[in-house]
Amino acid sequence: MRTKVVIIGAGPAGLLLGRLIESEGIETVILERRSQDYVLGRIRAGVLEQGTVELLERAGVSERMHAEGLVHDGVELSFDGDTHRFDFRKLVGRTVMVYGQTEVTRDLMQARDASGAATVYEAEDVSLHDFDGEAPRVRYRKDGVEHEIACDFIAGCDGYHGVSRASVPEGAVKTFERVYPFGWLGILVDRPPVAEELIYAHHSRGFALCSMRSETRSRYYVQVPAGERVEDWSDERFWDELRSRLNRETADRLQTGPSIEKSIAPLRSFVAEPLRFGRLFLAGDAAHIVPPTGAKGLNLAASDVRYLADAFIEYYGARSPAGIDAYSTRALARVWKAERFSWWMTSILHTFPDTDAFGRRMQRTEFDYLVGSEAASRSLAENYTGLPY
Ligand code: RFL
Ligand code: PHB
């Protein structure tokens, strides 16, 4: 079998890349290790930058998002109970869209299935070969039968634990990493959100986030120490902890209920460089991880994919390798800025086990400066709503 681009991974990065280049006549095969239902069962991101929204429009998968997604003009930050709303529309004339990653993925899967493009779910033992030469190949097993696909390019969109980055010779890739001593315990509940916009809360007991998926479904998170087990968190314990970290008025308004999903995500900053190895390209979580505090992970996956899709379109259309040659540098420039923002938001809003009194005053002063300075507020708004491509 032969195709132009083999895409490894049917997360948002792989599916969006497939959609953008298939619609320009570039044939792809997507290989995904899990089943379609498993991929759709993962509850992850909830906030889309305006640029991501525009990219989903370009991909022709924005109809349901515009009908069901919630446009948010701002967010609230709370510090030890003091609150401040950052009005993005007023500060930078931009907004964000609250629409779950699960829904983005579902829309992309449906569009791909309808287009007839090939996707192999439950592809086992995917392996990458000869991407340092002119004729790369990808092998996998499906239902006990071995397959091989010859291709022009391989797009590694298989997430942090994927096989693509792991297939690159050790000396060819440089990685940068910070692991935080805590994770986020998240809960999904069919109750109306506590507020119309997201609330990011710093508290001496730890960070908390009030988010949502719709007007009737809420998503809440609390910071927990690394190594915490989800089994040790009953719903009741979660709600008590969340309430204790919110200001009184918000806590009193909180509508609790039985969780429909509960999981713990560790927090990490990670970047691999470069993003191109001959005819293999990395995009999304395969290449970089941000802590979720800035709501950047999915948006970064989308921006990588935008650069990579345009590069392939230029290669096959204008027969120019300029875009593929520039991909790594272009994508990484934007990646590092989102890494900075996510690391910074994480460092102000969480409690760190080794922070001394001076460090705590610095966190408070960051908050006071943000609240008091229009320039600082605008910087937060500019980054949260998404830096330009
Ligand atoms: P994904 O979504 O991990 O998809 C990779 C796919 O590759 C498959 N795969 C393989 N397939 C074949 N062979 C192999 N050997 C394979 N190994 C893996 C996997 O099964 C999977 O289907 O990566 P992608 O597409 O790069 O997308 C990245 C996003 O998923 C991620 O950045 C975001 O979810 C991060 N994130 C958030 N991002 C935001 O922009 N805004 C948010 O509000 C936000 N909140 C979050 C988040 C991530 C979270 N967790 C759980 C990590 C909140 C949480 C709690
Ligand atoms: C979410 O709704 O899951 C969410 C929202 C904002 C974040 C992270 C996660 O910063």
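Throughout, read-outs are computed from the coordinates displayed, never taken from laboratory work. Predicted model, so just to flag it, every value in this text is computed and none were measured. With ideal geometry, Cβ positions are generated from the backbone for all residues, glycine too; neighbour counts draw on all protein chains shown.
Considering only Trp239, Val39, Gly11, the residue lying farthest towards the positive end of the dipole of the chain is Trp239, judged by Cα position with unit charges set on Cβ.
Summary value for the chain: 20 percent relative contact order, contacts being C-alpha pairs under 8 angstrom separated by 6+ residues. With q set to 0.18, 0.21 Å⁻¹, the log10 of I(q)/I(0) for segment 221-375, from the Debye formula over equal scatterers at the Cα positions, is -1.14, -1.30.
Taking label positions 7 Å along the Cα-Cβ direction at both Arg361 and Arg94, the computed distance is 3.5 nm, reported to one decimal. Compared with the direct C-alpha span, the chain from Arg217 to Arg42 gains 61.4 nm at full extension, assuming 0.36 nm per residue. Reported to the nearest whole Å, the Cα centre-to-centre distance from segment 196-230 to segment 68-127 is 17. Computed over segment 144-224, the range of Cα coordinates on each principal axis works out to 52, 31, 25 Å, biggest value leading.
Computed from point charges on the beta carbon alone (+1 for Lys and Arg, -1 for Asp and Glu), the dipole magnitude for segment 273-389 about its Cα centre is near 160 Debye.
Between Ala67 and Ala265, the FRET efficiency estimated from the beta carbon spacing at R0 = 22 angstrom works out to 0.15. Distances between every pair of Cα atoms in the chain, grouped in 10 Å steps from 0 to the bin holding the largest one, split as 5, 23, 32, 24, 12, 4, 0 percent.
Ranking Pro192, Phe277, Leu108 by how far each Cα lies toward the positive end of the dipole of the chain (charges on Cβ) leaves Phe277 at the top. When DSSP beta bridges are restricted to pairs lying wholly in the chain, around 75% turn out antiparallel. Arranged from fewest to most other beta-carbon atoms within 10 Å of their beta carbon, Tyr316, Tyr200 become Tyr316, Tyr200.
If R0 equals 25 Å, the separation of the Cβ atoms of Glu54 and Ala375 corresponds to a calculated FRET efficiency of about 0.40. The modelled label-to-label distance for the pair Glu146/Ser320, using points 7 Å beyond Cα in the direction of Cβ, is 4.3 nm.
Could you tell me the calculated FRET efficiency between Arg229 and Glu170, based on Cβ-Cβ distance and R0 = 45 angstrom, to the nearest 0.05? Calculated transfer efficiency: 0.85. Could you list log10 I(q)/I(0) for segment 279-332 at q = 0.12, 0.20, 0.26 Å⁻¹, which the Debye formula gives when each Cα is one point scatterer? Computed log10 I(q)/I(0) values: -0.29, -0.67, -0.97. Rounded to the nearest 20, the Cβ-based charge dipole of segment 1-73 about its Cα centre (Lys and Arg +1, Asp and Glu -1) stands at 440 debye.
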